């Protein structure tokens, strides 16, 4: 038995030394093409195809700048990037999101793109969006896909309650939304399902509706304040669940797509969520189910915090210029429109948006989605050092308690402010 | 203390003459295991422990300073960590004990000459053999309040009143994730105990049976004592693993609702990988190691004394 | 040792409950892998799909290179399992049979290394492997897995060695056998169940390991199964459940087959005969 084991392992080891090594990135020799690694987070079928085709096309057209396509995934990309930065082995180009790259930028791992981005690309994207990727005056990534918060609704239930569907750009106010949710609520049906498993970003994003900033900076000192403006959104959502009972208490612990079975079964009439949910509608709605995309709800404004997906370049990359060339190509209007369509998200580029409206005819909620891009801008929390820590340690537990009706609105305010004092020292 | 403490030297003179070559043998036997361990485990570990006494942070070309006990002073007043630690102890003890009891029961069944035994043994391995990425997703669906398997079973069984928002409710979230923890760790424990059971000498059982001992008496006086080294080993390792595991809980609840399932290792992970505070996270690790080692020392000393008695 | 009929019935009942509790995911994955997207969000999920489809399997194999990932995983896991046992077996024997300071230290180390938060060890480990040029190779990953599985292997195997009556070895030694012969002829067969449990552990933990495989292997050609399967999960934990279930089901089977072959050995109680002989 022992002898057999030895023989097997020897064979395996020999096999290993033969084919185990795939380390071929020794491109230190000055001749030959520049080799770049591109970590993509595409996961939907259409967007996977689009990503791979664009890279293949680029490689065919640019023999001197070869891009290797590496597949990552959203769940583990943070750990993967952090480890590879620390180990000095990061991908040259990678996809991620503005909320996360700020930390990396401040830690010095990302190239400043401000001098590398062409004026064409710069002009395509609005200033408010550029600000979400600018940290200490340095541009940490090129924003390209946006997710705005809209409301998906069950058309038949709206019709039955005599509620007309607002057109793109004709947002309901929060009062109208709450009144309509009330109308839609009857036995067996809730007007709304608020999926609040991760409540903090949701509340922060929507709070811009009422100018709720949460973070106030005075000179070099930042602190958390919870005044009436900040309390609007939490209070309204809480009231819908516990006072008017037009929102389901069971949905509170759900993540983004968890309410779908209930939504399709008519248990929830409206489902506030990201524009990408439209894909689930197309793929998963039962035969005969009619859904509509309602424009974002508005308070004082329809503003929401933008957290665009981004393409960044590593500071340690040996071919930053070439990497930027690839990014420019990858995000030209036609390509950006295609990527947005594949992921059911809104493109940051104006031309890309127009192209998308033309190619889809504005159907499947694309009219509402593209129009909502104009409401997306930067919120104060996005540039605060220590926001991730405040969010995980204090804000999320406190909001979860509030939405489970365990603490009062004032207690919520106190916890958020105290948490701010702990983190923002 | 010589190299051969337990060998009955006086009775077996052959052994005594081999003492010297035995010493060489020991080192030769240990060497292959020690070499990779030293390079890939000791060095990172020592570095990790050292980090706990510095202000190391994530960043390119960041200076790290030795700060002595600074981290620990801060840590003493870190209420969130200690609350996570308490939850971690509840989680660890509950999961380890349930895992052991259930796995022991299953191992005893699987060692009986039952039909479909081979099939059952393979089935018992399923939680372990599944890719972890789908385990968390699946359990989320099991506990789903609207379309979950658990509520569906209750619904079809006519017990609609028992339907519940298992992971969302503050009081059921921790028990619900403990159940998943027990489920996911049962195969290892079962397999090890099953392997251990096969080492229990049959003669002892038969002798006890001849003496008229009942099944329970035989279990108490024969099975358990001769299995003790294996039981100690697996419960100790289970305890450590359960204390250290957080991936599954992270997928299920991310520590929520309201921090009810925030485990200390999840806390340390976020401190290191989300906020980039390597130094502080390592300090948390050091403190947890010390406390758990103390707990284990008590347990191991008692068990080993019993075993050697 | 004959159980009464009632006791047998109870035993079968208990076994059935265990099987449902532990084995239900297999049924669930099977059912889900044949469901079209619409049927995954039904409020009352059914076991048997209304409109079964093979699309999920097609997607799993065409969109990600599951086949190659499976081969990679097989190579890595088998090598890790074999190496772990080869390295751990002699050491465990030494630890169990001789009390040395080194042995105590080694066991203490085993526990400590399992206790320390492994997330903090990843980066130093990565740097060491980089220095010896083992990043982005299967050999490097195998090395990590062996080191990772060693504590369990040592700790368990030495428990099993202790279970073997010392008299057996002494008897053999009296008969003039060298220590190596004692090991091979007497100890090794008795350790078979322990070796099975240990190699199974090493195999499955390597087969399912995600984190190190993610950070150590960059080249797409080298990726293992868990890393490849994770690509069916997207933003906010939303998964493409169909392809994921299909791929996961296929990824579960090799471990089960591996075990189906080994499980007889698990209770090949040759101990009784040995004591008598």
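With the checklist (1) under 26 Å from residue A:47 (Cβ atoms); (2) assigned by TED's automatic domain parsing to the domain that holds residue A:395 in hand, flag the one item residue A:130 doesn't pass.
Of everything listed in (1) under 26 Å from residue A:47 (Cβ atoms); (2) assigned by TED's automatic domain parsing to the domain that holds residue A:395, residue A:130 misses just condition (2).
Out of A:330, A:381, I need the residue that is modelled with pLDDT of 95 or more and crowded, with 20+ Cβ neighbours inside 10 Å. Which one?
A:330
So, of the residues in the range A:51-77 that are more than 7 Å from every other protein chain (Cβ to nearest Cβ) and in contact with a helix residue (DSSP H, G or I) (Cβ under 7 Å, 6 or more places away or on another chain), which turns out to be nearest to residue C:228 (Cα to Cα)?
Going through the qualifying residues, I end up with A:72.
What's the number of the condition residue C:117 fails, among (1) at pLDDT below 90; (2) in a helix (DSSP H, G or I); (3) within 22 Å of the chain's Cα centre (by Cα)?
(2)
Given (1) surrounded by fewer than 23 Cβ atoms within 10 Å (Cβ to Cβ); (2) under 16 Å from the mean Cα position of the chain (by Cα); (3) touching a residue at least 24 places away in the same chain (Cβ under 8 Å); (4) closer than 28 Å to residue C:226 by Cα, identify the lone condition not met by residue A:149.
All conditions are met except number (4).
Looking at A:36, A:110, A:48, A:16, can you tell me which residue is modelled with pLDDT of 95 or more and away from chain B (no Cβ under 14 Å)?
Answer to the selection: A:36.
I'm trying to understand the selection: among the residues of the range A:160-201, which are under 23 Å from residue A:369 (Cβ atoms), surrounded by fewer than 21 Cβ atoms within 10 Å (Cβ to Cβ) and within 14 Å of chain B (Cβ to nearest Cβ)?
Of everything in the range A:160-201, those that are under 23 Å from residue A:369 (Cβ atoms), surrounded by fewer than 21 Cβ atoms within 10 Å (Cβ to Cβ) and within 14 Å of chain B (Cβ to nearest Cβ) turn out to be A:198, A:201.
Sort through A:275, A:292, A:243, A:224 and tell me the only one that's away from every other protein chain (no Cβ under 14 Å) and buried (at least 23 other Cβ atoms within 10 Å of the Cβ).
Going through A:275, A:292, A:243, A:224 in turn, the sole match is A:224.
Out of the range B:256-289, which residues are more than 23 Å from residue C:111 (Cα to Cα) and either part of a helix (DSSP H, G or I) or without any contact (Cβ under 8 Å) to a residue 40 or more places away in the chain (or both)?
B:270, B:271, B:273, B:274, B:275
Got at least one residue in the range C:181-189 being under 26 Å from residue B:38 (Cβ atoms), facing another protein chain (nearest Cβ under 7 Å) and buried (at least 19 other Cβ atoms within 10 Å of the Cβ)?
No, the range C:181-189 has no match at all.
Against the conditions (1) buried (at least 21 other Cβ atoms within 10 Å of the Cβ); (2) out of contact with any strand residue (DSSP E or B) (no Cβ under 6 Å at 6 or more places or on another chain), where does residue C:137 fall short? Just the number, please.
Every condition holds for residue C:137 apart from (2).
Quick check: is even one residue across the range C:226-247 in contact with a strand residue (DSSP E or B) (Cβ under 7 Å, 6 or more places away or on another chain), in contact (Cβ under 8 Å) with a residue 40 or more places away in the chain, at the interface with another protein chain (Cβ under 7 Å from one of its Cβ atoms) and over 18 Å from residue B:130 (Cα atoms)?
For the range C:226-247, residues in contact with a strand residue (DSSP E or B) (Cβ under 7 Å, 6 or more places away or on another chain), in contact (Cβ under 8 Å) with a residue 40 or more places away in the chain, at the interface with another protein chain (Cβ under 7 Å from one of its Cβ atoms) and over 18 Å from residue B:130 (Cα atoms): absent.
All but one of (1) outside any strand (DSSP E or B); (2) closer than 24 Å to residue C:120 by Cβ; (3) modelled with pLDDT of 95 or more hold for residue A:54, so report the exception by its number.
That leaves (2) as the condition not met.
Table: residues versus (1) part of a helix (DSSP H, G or I); (2) surrounded by 19 or more Cβ atoms within 10 Å (Cβ to Cβ); (3) modelled with pLDDT of 90 or more; (4) facing another protein chain (nearest Cβ under 7 Å).
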residue	(1), (2), (3), (4)
B:24	yes, no, no, no
B:29	yes, yes, no, yes
B:32	yes, no, no, yes
B:36	yes, no, no, yes
B:44	yes, yes, no, yes
B:48	yes, yes, no, yes
B:58	no, yes, no, yes
B:62	no, no, no, no
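Name the one entry in A:415, A:411, A:400 that is over 26 Å from residue A:104 (Cβ atoms), within 14 Å of chain B (Cβ to nearest Cβ) and surrounded by 23 or more Cβ atoms within 10 Å (Cβ to Cβ).
Going through A:415, A:411, A:400 in turn, just one is over 26 Å from residue A:104 (Cβ atoms), within 14 Å of chain B (Cβ to nearest Cβ) and surrounded by 23 or more Cβ atoms within 10 Å (Cβ to Cβ): A:400.
Residues of the range C:117-133 being surrounded by fewer than 21 Cβ atoms within 10 Å (Cβ to Cβ) and facing chain A (nearest Cβ under 9 Å), which ones?
Across the range C:117-133, the qualifying residues are C:127, C:130, C:133.
Which numbered condition in (1) modelled with pLDDT of 95 or more; (2) assigned to a loop (DSSP other than H, G, I, E, B); (3) outside the structural domain of residue A:402 (by TED's automatic domain parsing) is the only one that residue A:316 fails?
The one condition residue A:316 does not meet is (1).
Considering only the range B:216-252, how many residues are more than 30 Å from residue C:108 (Cα to Cα) and within 8 Å of another protein chain (Cβ to nearest Cβ)?
The total comes to 1.
Select from the range A:246-282 the residues that are part of a loop (DSSP other than H, G, I, E, B) and more than 21 Å from residue B:254 (Cβ to Cβ) and list them in ascending order.
A:246, A:265, A:266, A:267, A:275
The values are calculated or read from the model by the stated rules, or taken from the named source; none is laboratory data. Worth saying up front: this structure is predicted, and the values here are computed from it rather than measured. Note that each Cβ is placed from the backbone with ideal geometry, even for glycine, and that neighbours are counted across all protein chains shown.
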